[in-house]
Amino acid sequence: MSRLDLSQVRKFFPSLDREFNGRKRIYFDGAAGAQVPQSVIDAMAYYQINNNGNYGGYFDTSIASNKLTEDIRKGMADFLNAPSWKEILLGPNMTTLTFSLVWTMSKYIKPGDEILLDRTAHGANIESWKSLQEYGAVIKFLEFNESDCRLKYDMAEDIRNNKS
């Protein structure tokens, strides 16, 4: 098996050229802080300059923006093997989307409803769901094995049956 030459990959990511105390940076942040390649930066700049328009409008930049959005959704549907591109929604970021979903769910939460989370989830995911405690939801956590970081799935049935 051949090894991937990371020095060649790093060339695509301008942010990785930055130095701190004389050393090249590496980033361990999550998805929201993921570094992007120059091709993505260029595509974003091109969009902002040439196609930035409101969705659903009848002018050229809006039509171009609609097509791009539809093409992205079709590509994601293909990648995910989704039955239809119309099932794919785009949003600003996962944190905002999760908070929006949880806020929408808040009107259906009744005191005592239980929400099972895992402690390995992103903080924004946990905090979003924990906000439903204000509506009476009970938050329970699926723990993980510290030795291998695997979730303790065998706990789920006990938690679901109020044994935990």
Review point. What value does the range 9-94 have for Rg/Rh, both radii from Cα atoms and Rh as Kirkwood defines it?
Key: 1.08
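Could you tally the net charge around Asp71, taking each other residue with its Cβ under 14 Å from the Cβ of Asp71, Lys/Arg +1 and Asp/Glu -1?
With Lys, Arg at +1 and Asp, Glu at -1, the neighbours total +2.
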Review point. If you take the charge dipole of the range 6-87 about its Cα centre, with +1 on Lys and Arg Cβ and -1 on Asp and Glu Cβ, which of Asn52, Leu80, Ile26 is farthest toward its positive end?
Key: Ile26
Review point. If R0 is 30 Å, what FRET efficiency do you get for Arg160 and Tyr135 from their C-beta distance, rounded to 0.05?
Key: 0.90
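Pairs Lys110/Lys140; Lys24/Lys74; Lys107/Lys130: which are spaced more than 26 Å apart, C-alpha to C-alpha?
Lys24/Lys74
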Check your understanding: Can you work out the base-10 log of I(q)/I(0) for the range 94-160 at q = 0.24, 0.27, 0.29 1/Å, using the Debye formula on its C-alpha atoms alone?
Key -> -1.04, -1.15, -1.21
Study note, to complete from the structure: Per DSSP loop assignment and a cutoff of at most 16 other beta carbons within 10 Å, the chain keeps its longest run without exposed GluC sites (Glu not before Pro) at 1-142
Revision key, fill the gap. Quick numbers on the chain, Rg and Dmax over C-alpha atoms in Å, give 21.5, 60
Check your understanding: Roughly how many debye, to the nearest 20, is the charge dipole of the chain about its Cα centre, given +1 on each Lys and Arg Cβ, -1 on each Asp and Glu Cβ, and no other charges?
Key -> 240
Revision key, fill the gap. Rounded to the nearest 500, the 222 nm mean residue ellipticity computed for the chain from DSSP H runs (n ≥ 4, each -39500 (n - 2.57)) alone is -11000 deg cm²/dmol
**Study point:** Distance between modelled label sites at Arg150 and Ile26, nm, 7 Å Cα→Cβ extension
**Key:** 2.6
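We did not get these values from a lab; they are worked out from the coordinates using the rules stated. Small disclaimer: the values here were computed from a predicted structure and weren't measured. Note: ideal-geometry Cβ built from the backbone for every residue, glycine included; neighbour counts use all protein chains shown.
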